[in-house]
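S.K.: There's a structure below that I have some questions on.
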Amino acid sequence: MSIFHVSNGRYAKINYVFDRSSNCENVLELIDEMGVEICADMANLIAMGIMTDTGNFRHKNVTENTLYSAGKMVEKGADLNNIYYHMFSAQTKNRAKLFGKTMQNIRYFFDGRFAVATVRLQDFDDCNAEQSETEGFIDFVMGIIGVEIGAFVMETQKNKFKISFRSKSADVNAVAG
């Protein structure tokens with residue numbers, strides 16, 4: 001069985017695909033259908049997935065179901081405050097250095113409507129930071145007034161890049177595909 005967002009190519013024999021703001025909403029539905037009791041640890045993991053997929057409930061595709069699912073996880077013992085702190089606030093000095101270096105080099109195109117932040121392998125070395133410490137960088141780009149489309153480009157290996165897109169108005173999934 002495969003569980004993915006609506007962009008799923010439906011390549012598996014069995015596909016469980018629903019257009020939800022977070023894939024953990026799909027996971028939660030499957031867990032409920034299987035009759036599995038959700039413990040506090042599971043609730044924290046599912047809530048974390050919902051929060052990270054939705055940019056801490058900031059993306060415009062957040063729905064009533066998203067909030068209901070998160071509330072259900074709180075009822076089961078999820079600690080949203082702790083998750084928020086560790087996923088969105090807490091950071092190492094090295095991450096702060098990398099963040100500053102990255103954001104000061106944002107490039108703007110199309111009268112500032114498209115912004116690109118880039119991290120190269122050398123930047124990770126210079127800041128003694130890890131690739132995992134870039135979570136949320138794209139969200140900062142999208143908070144810049146006038147930016148409609150943002151891209152975060154991360155060099156993952158020598159001359160190999162991962163690109164994340166966000167948009168307020170365009171179908172960036174089609175671009176990414």
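S.K.: Solvent-accessible area of THR156, probe 1.4 Å, all protein chains present, reported in Å² to the nearest ten, please.
M.R.: It works out to around 50 Å².
S.K.: As a test of reading the structure, rank LYS60, LYS13 by solvent-accessible area (1.4 Å probe, protein chains only), most first.
M.R.: Working: LYS60 160, LYS13 205 Å².
Accessible-area ranking of LYS60, LYS13, largest first: LYS13, LYS60.
S.K.: May I pose another question? Could you do me a favour and compute the accessible area per residue for the chain, 1.4 Å probe, result in Å²? Write down the numbers at each step before the final one.
M.R.: Numbers: 10770 Å² over 177 residues.
For the chain, the solvent-accessible area averages 61 Å² per residue.
S.K.: Determine the order of GLU155, GLU148, GLU133 by accessible area, beginning with the largest, at a probe radius of 1.4 Å.
M.R.: Numbers: GLU155 10, GLU148 65, GLU133 35 Å².
The ordering from most to least exposed comes out as GLU148, GLU133, GLU155.
S.K.: Can you give me the pair-distance distribution of the range 1-100, C-alpha pairs, 5 Å bins, whole percents?
M.R.: Taking every Cα pair in the range 1-100, the percentages come to 2, 13, 20, 21, 17, 13, 9, 4, 2, 0.
S.K.: Considering the alpha-carbon set of the range 19-177 alone, what are its Rg and its Dmax in angstrom?
M.R.: Values for the range 19-177 (Cα only, Rg and Dmax): 17.3, 52 Å.
S.K.: Once fully extended, how much extra length lies between TYR84 and PHE109, figured as 0.36 nm per residue of separation less the alpha-carbon to alpha-carbon distance? Kindly include the intermediate steps, with their values, before the conclusion.
M.R.: On the way: separation 25, 0.36 × 25 = 9.00 nm, distance 3.21 nm.
Result: 5.8 nm gained on full extension.
S.K.: Along the range 98-107, what does the Karplus equation 6.51 cos²θ - 1.76 cosθ + 1.60 (θ = phi - 60°) give for ³J(HN,Hα), rounded to whole Hz, x for Gly and Pro?
M.R.: 5, 4, x, 4, 5, 6, 6, 10, 4, 10
S.K.: What does the net charge come to around ALA47 if you take all other residues with beta carbon closer than 12 Å to its beta carbon, with K and R at +1 and D and E at -1?
M.R.: Values: positive: LYS72, LYS76; negative: GLU25, ASP41, ASP53, GLU75, ASP79.
Around ALA47, the surrounding residues sum to -3.
S.K.: What trypsin sites (Lys or Arg not before Pro) does the range 131-165 have in DSSP loop regions with at most 15 other beta carbons within 10 Å? Walk me through the numbers on the way to the answer.
M.R.: Numbers: sites: LYS158, LYS160, LYS162; in loops: LYS158.
Answer by residue number: LYS158.
S.K.: So, one more: Would you work out what percent of the accessible area of the chain, with all protein chains in place, is carbon or sulfur (probe 1.4 Å)?
M.R.: Carbon and sulfur together cover 53 percent of it.
S.K.: Tell me the accessible surface of PHE109 in square angstrom (1.4 angstrom probe, heavy atoms of protein chains only), to the nearest ten.
M.R.: 70
S.K.: Provide the three semi-axes, in whole Å and in decreasing order, of the ellipsoid equivalent to the range 133-177 as defined by the square roots of 5 times the Cα gyration tensor eigenvalues. All intermediate terms of the calculation are to be shown ahead of the outcome.
M.R.: Numbers: eigenvalues 78, 40, 10 Å².
The equivalent ellipsoid of the range 133-177 has semi-axes of 20, 14, 7 Å.
S.K.: Ok, one more. Let me check something: with ligands and nucleic acids excluded, how do ARG113, ARG107 order by accessible area (1.4 Å probe), largest to smallest?
M.R.: Numbers: ARG113 125, ARG107 145 Å².
Sorted by accessible area, descending: ARG107, ARG113.
S.K.: Suppose each label sits 7 Å from its Cα in the direction of the beta carbon; what would the ILE163-GLN122 distance come out to in nanometres?
M.R.: Spacing of the two 7 Å Cα→Cβ label points: 2.1 nm.
S.K.: In debye, nearest 20, what is the charge dipole magnitude of the chain about its Cα centre with +1 on Lys and Arg Cβ and -1 on Asp and Glu Cβ, if you could check?
M.R.: Details: 19 positive and 22 negative charges, 145 e Å.
Magnitude of the dipole: close to 700 debye.
S.K.: Something else now. Could you sort 36-43, 74-81 so that the peptide with the highest average Cβ count within 10 Å comes first and the rest follow in order? Mind showing how you got there, number by number?
M.R.: Numbers: 36-43: 13.4, 74-81: 15.0.
For the peptides 36-43, 74-81, the packing ranking is 74-81, 36-43.
S.K.: Write down the radius of gyration of the range 73-148 and its Dmax, each obtained from C-alpha positions, in Å.
M.R.: 15.1, 47
The values are calculated or read from the model by the stated rules, or taken from the named source; none is laboratory data. The structure presented is a predicted model; accordingly, all values stated were derived computationally and were not measured. Neighbour counts run over all protein chains shown; Cβ positions are idealised from the backbone, glycine included. These accessible areas exclude ligands, DNA and RNA; they are computed on the full protein's heavy atoms, side chains included. Shrake-Rupley method; radii C 1.70, N 1.55, O 1.52, S 1.80 Å.
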